[in-house]
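Read the figures in this text as sums done on the coordinates, not as results from a lab. This structure is a prediction, so every number in the text was calculated from the model and none was measured. Please note: Cβ atoms are built from the backbone with ideal geometry, for glycine as well, and neighbour counts cover all protein chains shown.
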Amino acid sequence: MSSRTNHRKRVLSGMRSTGKLHLGNYVGALDNWVRMQDQFDCYFFVADWHALTTDYADTSRIKQNSVEVLLDWLAAGLDPERCTMFIQSHVPEHAELHLLFSMITPLGWLERVPTYKEQRENIAEKDLGTYGFLGYPVLQAADILIYKGNFVPVGEDQVPHVELTREIARRFTLIYGSRNNVFPEPQPLLTPAAKLPGTDGRKMSKSYGNTIMLTDTEPVVRQKLKTMVTDPARVRRSDPGNPDVCPVGDLHKIFSDPSTIAKVNEGCRSAGIGCIECKGWAADALVSILNPMQERRKKYEDNPRLAWDILEAGTARARKVAGSTMNEVRESMGLTQNFEGRTNAKGSE
Ligand code: SF4
């Protein structure tokens, strides 16, 4: 794999180990990852340590949740021959780099990260008053820089995190003045965020209980669609509607073929079709995407060892790269473990 991917720019991205994924995760990130694996040298990790920054108390499902995420990745088409997949905590070098970065990152940088303030104010039900939560952008910086990632696919709201990663990289170089620049500065790769509503019309999210899961069977998908909210203007079958303000219309725009989208547009606005018929077409489109995913997933569910082997191979590849970066970091900081060699970071022997 390495000879084939050496010339490619490297992409780093992770997903929290939240258990099974939903269509919002697919549209917001995973679908894009599947396409990127042929363009870039991709490293994708299940971020179990990041999950601990907001949910540290109950770890009973953390391993299973990580595996579920991996199974959904494989189901969606991530291919171990074309990308590297692993679980963050299986590569402890991330933690070492996080520790070293935490020494040089000013508190003010972390306190001004927009999501930090926002989440502390808005998420009352979780204990976010921990060092781990404040420091998670530092861990993110370690996750990215340890692989010398060139690009990080992110949504608009995550751009400040990538900027912080770049600042940490610059500060490291400034302080330890390494002869070689250890860390290239990664660039954000903006992911166009398709609007994916949940069944209640709000953003699809597990915390709203409005999700369609990648593992939902056809009857479940059809049932969820049946109760999905529509354009409120269509009270009666004879009332014309507008797919642009209807969550089902949004699903069509993402998943249906152009001729179905045209039929929906025309039929909804003229009251030529009913919502039940329209929802049936949306369900058809979803099922045709989910069925092949579920077939792929089944292969790994029936033989979990296969998935674990993929993880182990990915971990080995990731640790090789991470280990080599850490050698450079220790060298730059005068922390080498060799008896001989430099004794301080500035290069005196
Ligand atoms: S016909 Fe379709 S797009 Fe129009 S309101 Fe009903 S469900 Fe929404």
Considering all alpha-carbon pairs of segment 193-349, what whole percent are spaced by more than 24 angstrom? 55 percent
For V321, V69, order by how many other beta-carbon atoms lie within 10 Å, fewest first: V321, V69
Under the rule of -39500 (n - 2.57) per DSSP H run of 4 or more residues, summed and divided by the residues of the chain, what mean residue ellipticity at 222 nm is obtained, to the nearest 500 deg cm²/dmol? -16000 deg cm²/dmol
Using alpha carbons only, how many degrees (0 to 90, rounded to 10) separate the axis of helix 258-269 from the longest principal axis of the chain? 50 degrees
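Let me check against my output: what whole-number percent is the relative contact order of the chain, with C-alpha pairs under 8 Å and at least 6 apart?
Numbers: 492 pairs, mean separation 70.2, N = 349.
Relative contact order of the chain: 20 percent.
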Cα→Cβ-extended label distance, 7 Å offset, between H7 and Y131, nm: 4.7 nm
What's the percent breakdown of Cα-Cα distances in segment 75-231 across 5 Å bins, shortest bin first? 1, 7, 13, 15, 17, 15, 13, 9, 5, 3, 1, 1, 0
Mind checking the angle between helix 93-104 and the chain's longest principal axis? C-alpha axes, 0 to 90 degrees, to the nearest 10. 70 degrees
Please turn the phi angles of segment 305-315 into ³J(HN,Hα) values with the Karplus equation 6.51 cos²θ - 1.76 cosθ + 1.60 (θ = phi - 60°), one per residue in order, whole Hz, x for glycine and proline. 4, 4, 5, 5, 4, 4, 4, 5, 5, x, 4
Can you list the lysines whose alpha carbon is less than 22 Å from that of K226, not counting same-chain residues fewer than 8 positions off? K195, K203, K206, K253, K263, K279
Considering Cα pairs under 8 angstrom that are at least six residues apart, work out the relative contact order of segment 1-117 and quote it in whole percent. 32 percent
I want to check the label-to-label distance for D239 and N327. Put each point 7 Å from Cα in the C-beta direction and report it in nm to one decimal. 6.9 nm
Residue order, fewest to most beta carbons within 10 Å, for F45, F339, F255: F339, F255, F45
If one computes P(r) from the Cα atoms of segment 1-74, what percent of pairs lie at distances over 22 Å? 30 percent
Phi-based couplings in Hz for segment 249-254 (Karplus 6.51, -1.76, 1.60; Gly and Pro marked x): x, 5, 4, 4, 4, 8
Using a basic spin-label model with each label point 7 Å from the Cα along Cα→Cβ, how many nm lie between S288 and K117? 4.7 nm
Enter the angle in degrees (range 0 to 90, nearest 10) between the Cα long axis of helix 136-145 and the first principal axis of the Cα atoms of the chain, meaning the one along which they spread out most. 80 degrees
Of the residues L335, L311, L23, which exhibits the maximal mean-square fluctuation in a Gaussian network model of the chain defined by a 10 Å Cα contact cut-off? L335
What per residue convex hull volume, in Å³, comes out for segment 49-155 when only alpha-carbon positions are used? 141 Å³
Within 10 Å of each residue's Cβ, count the other Cβ atoms and sort T130, T325 from fewest upward. T130, T325
Inter-centroid distance (Cα atoms) of segment 281-311 relative to segment 41-81, Å: 16 Å
List, in order, the whole-Hz ³J(HN,Hα) value for each residue of segment 119-127 obtained from phi through the Karplus relation with A = 6.51, B = -1.76, C = 1.60 and θ = phi - 60°; use x for Gly and Pro. 6, 5, 6, 9, 9, 7, 7, 10, 7
Sort by residue number and name the cysteines in the chain that have no neighbouring cysteine Cβ under 4.7 Å. C246, C268, C275, C278
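What is the local net charge at Q88, summed over the other residues whose Cβ is closer than 10 Å to its Cβ (Lys, Arg +1; Asp, Glu -1)? Provide the component values of the computation, followed by the final result.
Numbers: positive: R16; negative: D48, D143.
Result for the neighbourhood of Q88: -1.
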Just to be sure I understand: with springs between alpha-carbon atoms less than 10 Å apart, which residue in D58, D200, D72 has the highest mean-square fluctuation in the Gaussian network model of the chain? D58
Per the Debye formula with a single identical scatterer at each Cα and no solvent contribution, what log10 I(q)/I(0) holds for the chain at q = 0.06 Å⁻¹? -0.27
